[in-house]
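The next block holds one structure in the form of structure tokens; read it before the comments.
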Amino acid sequence: MKAKAAACLTESLHVPHTPRKTTQCQVDKNVWIVGDSYIRRGEERARETMGTSLGLDARVQWFGWGGLRWERLLPFIHQSLRGRAAPDVLLIHCGGNDLGNTKSLRLVADMKRDL
């Protein structure tokens with residue numbers, strides 16, 4: 001399932017220097033990048049360099065929240081969904097702020113449960 005989704009994404013989003021393939025996948029993807037301050041700063045850096053769409057044939061939306069911990073991720077995503085269509089692709093960068101505060105096995109179990 002994950003491999004098929006990754007293949008669909010790779011084939012339907014145009015990444016520079018990658019040949020574009022025609023598939024049954026949608027071309028106009030809505031991509032969300034959600035996570036902690038790394039995402040917030042990543043958006044700022046992308047805006048300064050290559051643009052917030054990252055050169056993809058997609059609408060990329062950034063949702064960065066400094067200090068975000070795993071337990072707040074799902075409520076943050078639900079809040080972000082208000083008034084918006086669900087994304088076709090969801091990229092999550094979260095959990096780093098939990099390290100040292102939450103046992104790793106517990107964090108992994110929470111991630112598996114939530115995803």
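The values are calculated or read from the model by the stated rules, or taken from the named source; none is laboratory data. Owing to the predicted nature of the structure, the values given are computational and were not obtained by experimental measurement. As a convention, Cβ positions derive from the backbone with ideal geometry for all residues, glycine included, and neighbour counts pool all protein chains shown.
Answer yes or no: is there a residue in the stretch 6-21 that is modelled with pLDDT of 95 or more, more than 29 Å from Arg106 (Cα to Cα) and either among the small types (Gly, Ala, Ser) or out of contact with any Phe, Trp or Tyr (no Cβ under 9 Å at 6 or more places or on another chain) (or both). Looking through the stretch 6-21, none of the residues is modelled with pLDDT of 95 or more, more than 29 Å from Arg106 (Cα to Cα) and either among the small types (Gly, Ala, Ser) or out of contact with any Phe, Trp or Tyr (no Cβ under 9 Å at 6 or more places or on another chain) (or both). Taken over the stretch 34-82, residues that are at negative phi and in a loop (DSSP other than H, G, I, E, B) amount to 12.
Here the stretch 83-108 is the region considered, the condition is being charged (D, E, K, R) and in a helix (DSSP H, G or I), and the residue that is farthest from the chain's Cα centre (by Cα) is Arg106.
Name every residue in the stretch 66-100 that is in contact (Cβ under 8 Å) with a residue 24 or more places away in the chain and basic (Lys, Arg), in order of residue number. Matches in the stretch 66-100: Arg69 only.
Can you tell me which of Gly83, Gly100, Gly66 is farther than 14 Å from Val31 by Cα and in contact with a Ser or Thr (Cβ under 7 Å, 6 or more places away or on another chain)? Checking each option against the conditions leaves just Gly66.
Filtering the stretch 64-115 down to residues that are more than 28 Å from Arg45 (Cα to Cα) and of a type in the set (S, T, N, Q), which residue is surrounded by the most Cβ atoms within 10 Å (Cβ to Cβ)? Across the stretch 64-115, the extreme among qualifying residues is Thr102. The set of residues in the stretch 43-65 that are more than 22 Å from Arg84 (Cα to Cα) and not charged (D, E, K, R) comprises Ala46, Thr49, Met50, Gly55.
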